[in-house]
1. When you go through (1) surrounded by fewer than 20 Cβ atoms within 10 Å (Cβ to Cβ); (2) over 14 Å from the mean Cα position of the chain (by Cα) one by one for ARG256, which number turns out not to apply?
2. Hey, among GLY67, GLY85, GLY97, GLY136, which residue is among the small types (Gly, Ala, Ser), within 20 Å of SER179 (Cα to Cα) and in contact with a Leu (Cβ under 8 Å, 6 or more places away or on another chain)?
3. Confirm whether GLY309 is touching a Cys at 6+ places or on another chain (Cβ under 9 Å) and at pLDDT 95 or above.
4. For the stretch 144-174, how many residues meet the condition of being touching a Gly at 6+ places or on another chain (Cβ under 9 Å) and part of a loop (DSSP other than H, G, I, E, B)?
5. Out of the stretch 175-230, which residues are out of contact with any strand residue (DSSP E or B) (no Cβ under 6 Å at 6 or more places or on another chain) and over 26 Å from ALA70 (Cβ atoms)?
6. Quick one: in the stretch 227-278, which of the residues that are in a strand (DSSP E or B) and of a type outside the set (A, V, I, L, M) is farthest from GLU114 (Cα to Cα)?
7. Which residues, counting only those in the stretch 256-274, are of a type in the set (Val, Ile, Thr) and under 18 Å from ASP201 (Cα atoms)?
8. Of all residues being touching a helix residue (DSSP H, G or I) at 6+ places or on another chain (Cβ under 9 Å) and aliphatic (A, V, I, L, M) in the stretch 219-266, which is modelled with the lowest pLDDT? Just the residue, please.
Amino acid sequence: MSARLALVLALLGGLFAGCSRSKPVPPGATPPDAGSQVPAVGVPGCTLYGEPRQTGTVPDVLPELSGLAASQRHPGAFWAHNDSGNAFEAFAIDEKGAVRAKLTLTGADPRDVEDVAVGPCVPGDSRSCVFLADIGDNFERRDVLRIYRFAEPEALADATVPVEVLSFSYPDGSHDAESLILDARSGRLAVITKTRSSLGDVFALDGARPGATVTATKLGSLEVPEGLDVATTAASLHPSGQRLLLRTYSRVWEVRQPDAARLEDLLKGQVVEVPGASQAQAEAITFLQDGNGYLLGTEFTNQPLWLTGCR
């Protein structure tokens, strides 16, 4: 969502105030620091996170940075993109915000690209692909949404790249959404909606393929204590599939479920707050390639990029 539109909707929101359910854990009144977290037990990755540290800033080419995803092919690189109203491009950047490649994308005319994920091109494929989610729908009027797929390049260099289009619709009417996740174990894609009543509903895009429009399957909802936080703006699934990061405008949440074999299992997990950082328009998050920490991004150039590692 563009910064201006987000502000308008936030002001309006202030004026007018049978699936798996997550189990919320009430956090403190302020975002947790490294000393007040709920330890992660029985799941891969950090047991406790450290304090976020600024590693760089959002580069000028990403004035409306709306998604980040760690490359699976190029260590230290993150795929990033702009929000609606910008050229159809993807950028590889590092944690400092240095641009390592710009890809000019062809083969589609996006409306509102809101998130990015990286993982198997198709279930069972050893190749990795970048998936861009054209899922923004602020006024909930779109009947068909689209995911754009292209293979991660062998080398990071400027190039023109065609995309494949994977189309889907929701089974229960239109939804706004800003979050895409991909299960690295199965290649399964899912979208998390953006609502004012919870952290969102999770819809799997099973069977998504070029040339077809599939109907998404609702897997469940993600909740925190009533009134505490809503409106998920970005998400990232841990390589193990046992942890899920959720970004909102003011906080970072993590869903944890030991031995979760499927997304349905993960949605039954514990929801805890983890360290975040103040950002003007918080709309991007990704686990690091090895799953031991995460990177936070935001709209507006020259704003901080924050990296949170293990304590």
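The values are calculated or read from the model by the stated rules, or taken from the named source; none is laboratory data. Here the structure is a predicted model, which means the values were calculated and not measured. A quick note on method: Cβ atoms are made from the backbone with ideal geometry, for glycine too, and the neighbour counts reach across all protein chains shown.
1. Checking ARG256 against (1) surrounded by fewer than 20 Cβ atoms within 10 Å (Cβ to Cβ); (2) over 14 Å from the mean Cα position of the chain (by Cα), the one that fails is (1).
2. So the residue among GLY67, GLY85, GLY97, GLY136 that is among the small types (Gly, Ala, Ser), within 20 Å of SER179 (Cα to Cα) and in contact with a Leu (Cβ under 8 Å, 6 or more places away or on another chain) is GLY67.
3. yes
4. Total satisfying the criteria: 1.
5. THR195, ARG196, SER197, GLY211, ALA212, GLU226, GLY227, LEU228, VAL230
6. Restricting to residues being in a strand (DSSP E or B) and of a type outside the set (A, V, I, L, M), the top hit is GLN270.
7. Let us first name the residues in the stretch 256-274 that are of a type in the set (Val, Ile, Thr), namely 271-272, 274.
Hits for the stretch 256-274 are VAL271, VAL272.
8. Looking at the filtered set, the residue picked out is ALA231.
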